[in-house]
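One structure is given here, and the rest of the page talks about it.
The values are calculated or read from the model by the stated rules, or taken from the named source; none is laboratory data. Keep in mind it's a predicted model, so treat the numbers as computed, not measured. Cβ placement follows ideal geometry from the backbone for every residue including glycine, while neighbour counts extend to all protein chains displayed. These accessible areas exclude ligands, DNA and RNA; they are computed on the full protein's heavy atoms, side chains included. Shrake-Rupley method; radii C 1.70, N 1.55, O 1.52, S 1.80 Å.
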Amino acid sequence: AQIAAGGDPIADRREERAEMTWAEFREEYMARHSRPYKRSTGDDVATMRRYVPAAWNARRLSDITSSEVAQLHISVGANHGHCSANGLIRLLHAMFKKAIKWGRLSAGNPADGIEFFHENHRNRYLNNDELGRVLTALAADPNEYWRSYFMLLLMEGTRCSELLSARWADFDFDAREWHIPDTKAKRPHDLPLPDPAIDLLRALPSFGTNEFVFPGRGKTGHLAEPKKAWARIRTAANVKNIWVHDLRRTLGSRLVNAGYSLPLIAKVL
């Protein structure tokens, strides 16, 4: 019947068998787009590993339906939070969009039209009592690298990844400056170094012995994930509902309370 209507079922089957699987396209997306152009490659990998079902790996792209993506959004939202679920959909939408652009998918984007959950933006930071307990816990922590890392986050207000990947070559102790060559805004940024920060840095075992300020054993050569260490510090300090990124907010809130101008605070952060 298909042949009589002008179709070619054998060619259709051949094309279907040649279509990329999700796992194949995921690797192409990482190689062609995520790694060359995005600073959030690590986040992309973690998001897919954590939330995308392993059963998708062997499936063809055109077999992944809008209803499946919508159900995945609901499931992740219920089990891991609305922000995580919305972030997953943003990533999947971008990936399927590239699949269409690169000729890997002829059907529509299955992540189109999904209504995002409402997100409550955080405004959490350490109050004076909590900050005191955190400083006490940091002073008692046996890991010198993580102890110094969290202290420097509080002093400098940088993003977590910027400090984790810091190289000694970017620090000028004579000028008392830290040059961050590539920020999230895709431009370099210079931060002043107060005396306590310089003292912390000079005391690290990696000073003069390693390329990275916070060396690690993984592929990057530096420490990569602070969550486990921060959970240990937070538990010791008996401080709840504080994330690593909230240390950045803590610095901003203290600068506000000290009466510094908003343009200056924006420049610091």
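Quick notes on this one:
- Filter pass, L163 being surrounded by 12 or more Cβ atoms within 10 Å (Cβ to Cβ), closer than 20 Å to E144 by Cβ, in contact with a Leu (Cβ under 7 Å, 6 or more places away or on another chain) and modelled with pLDDT under 95: yes
- Check on R90, open to solvent by 60 Å² or more (accessible area, probe 1.4 Å) and within 28 Å of K228 (Cα to Cα): yes
- Top-ranked residue in segment 187-202 [being outside any helix (DSSP H, G or I) and free of Cβ contacts under 8 Å to residues at least 12 places away in the same chain; ranked as surrounded by the most Cβ atoms within 10 Å (Cβ to Cβ)]: H189
- Tally, over segment 117-143, of residues that are open to solvent by less than 60 Å² (accessible area, probe 1.4 Å), touching a residue at least 12 places away in the same chain (Cβ under 8 Å), of a type outside the set (V, I, T) and not in a loop (DSSP other than H, G, I, E, B): 4
- Of the set (1) farther than 30 Å from A203 by Cα; (2) modelled with pLDDT of 95 or more; (3) of a type outside the set (A, V, I, L, M), all apply to T136 but (1).
- Residues that are under 16 Å from the mean Cα position of the chain (by Cα) and open to solvent by less than 10 Å² (accessible area, probe 1.4 Å), drawn from segment 73-87: A85, N86
- Residue match in segment 38-50 (condition: β-branched (V, I, T), surrounded by fewer than 19 Cβ atoms within 10 Å (Cβ to Cβ) and modelled with pLDDT of 90 or more): yes
- Residue match in segment 144-151 (condition: open to solvent by 80 Å² or more (accessible area, probe 1.4 Å), farther than 20 Å from L255 by Cβ and not aliphatic (A, V, I, L, M)): no
- Scanning segment 233-262 for residues that are assigned to a loop (DSSP other than H, G, I, E, B) and open to solvent by 30 Å² or more (accessible area, probe 1.4 Å) yields N238, K240, N241, W243, H245, A258, G259, Y260, S261.
- Any hit, segment 98-116, residues being surrounded by 17 or more Cβ atoms within 10 Å (Cβ to Cβ) and among the aromatic types (F, W, Y): no
- The residues of segment 204-214 that are farther than 10 Å from L164 by Cα and open to solvent by less than 20 Å² (accessible area, probe 1.4 Å), listed by number, are L204, S206.
- Of residues in segment 169-186 being part of a loop (DSSP other than H, G, I, E, B) and small (G, A, S), the one surrounded by the most Cβ atoms within 10 Å (Cβ to Cβ): A175
- Scope segment 228-253; condition farther than 18 Å from R159 by Cβ and not aliphatic (A, V, I, L, M); matching residues: K228, R232, R234, T235, N238, K240, N241
- Considering residues of segment 215-232 that are open to solvent by 50 Å² or more (accessible area, probe 1.4 Å) and in contact (Cβ under 8 Å) with a residue 12 or more places away in the chain only, the residue farthest from the chain's Cα centre (by Cα): R232
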